[in-house]
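Each remark here refers to the structure printed beneath this line.
The values are calculated or read from the model by the stated rules, or taken from the named source; none is laboratory data. These figures come from a predicted structure and were not determined experimentally. So basically every Cβ, Gly included, is an ideal-geometry build from the backbone, and we count neighbours across all protein chains shown. Areas reflect the complete protein model, heavy atoms only, side chains present, ligands, DNA and RNA absent. Shrake-Rupley method; radii C 1.70, N 1.55, O 1.52, S 1.80 Å.
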Amino acid sequence: MAHESRVAIVPGSFDPVTVGHIDLIERAARMFDRVIIAVLTNTSKQPFFSLEERVAMLCDVFKGRAGIDVDTFTGLLVDYARAKQARVVVRGLRGLTEFDAETQMALMNRRLNPDVETVFVTSSETSGYVSSRLVREIASLGGSVDGLVPPGVADRIAARRRTSTLRQV
Ligand code: PNS
């Protein structure tokens, strides 16, 4: 029987991409033939980085990586997965506090489309405390984000700081 290509979606806001996301995506890439990083277009809140910036930062990180693509999506995640012929959604789990919300989302997605499975990957011991929310907060308050985000993201934050456009978290 021909080998069916295993495609996984790693969805998120990526506002901004952190070392935790990179760890998750690299580990997903070891498990699947193709990983599509799907950046949510229509966040309900005002994003810290524009969609274009978030995509550009991800493309910088994964430039030239075979089997890892960056894309955007709008609407239901399961509809996007179906359109991409992906049967798996990969989500990172940093701890028990996220378990409730992530399980709820996984169950709802399964109700919407039982053909799409959610796979949880536990965060690594080195980046389990890193989140985009905390990075945004630290960036807004003038702290160092070095080591929490890839260098390209730290550069963008530093550039914004120079022009004093950092505001909301
Ligand atoms: O990085 P985030 O913000 O935790 O990612 C959340 C995301 C993008 C995975 C989630 O908000 C999502 O899938 N949104 C798409 C809309 C959707 O499908 N909603 C129903 C899910 S139960």
Counting all C-alpha pairs of the chain, share separated by more than 28 Å (%): 21 percent
Net length gained if the chain between residue 134 and residue 42 were fully extended (0.36 nm per residue, minus Cα distance): 31.0 nm
Overall form of region 102-169 per C-alpha gyration tensor (a/c, 1.5; a/b vs b/c): prolate
At most 16 other Cβ within 10 Å, DSSP loop - trypsin sites (Lys or Arg not before Pro), region 16-59: 45
Principal semi-axes in Å for region 23-64 [√(5λ), Cα gyration tensor, largest first]: 23, 12, 8
Sequence of 53, 4 when ordered by accessible area, the most exposed leading, probe 1.4 angstrom: 4, 53
Shape category assigned to region 1-71 from the gyration tensor of Cα positions, a/c cut at 1.5: prolate
Computed label-point distance, nm, for sites residue 60 and residue 159 using a 7 Å Cα→Cβ extension: 0.7 nm
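Grab the DSSP H runs of the chain that are 4 residues or longer, score each as -39,500 (n - 2.57), total them, divide by all residues and round the 222 nm result to the nearest 500 deg cm²/dmol. Provide the component values of the computation, followed by the final result.
Values: 6 runs with 70 residues, N = 169.
Taken over the chain, the calculation gives -13000 deg cm²/dmol.
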Centroid-to-centroid separation of region 72-145 and region 22-39 [C-alpha atoms, Å]: 12 Å
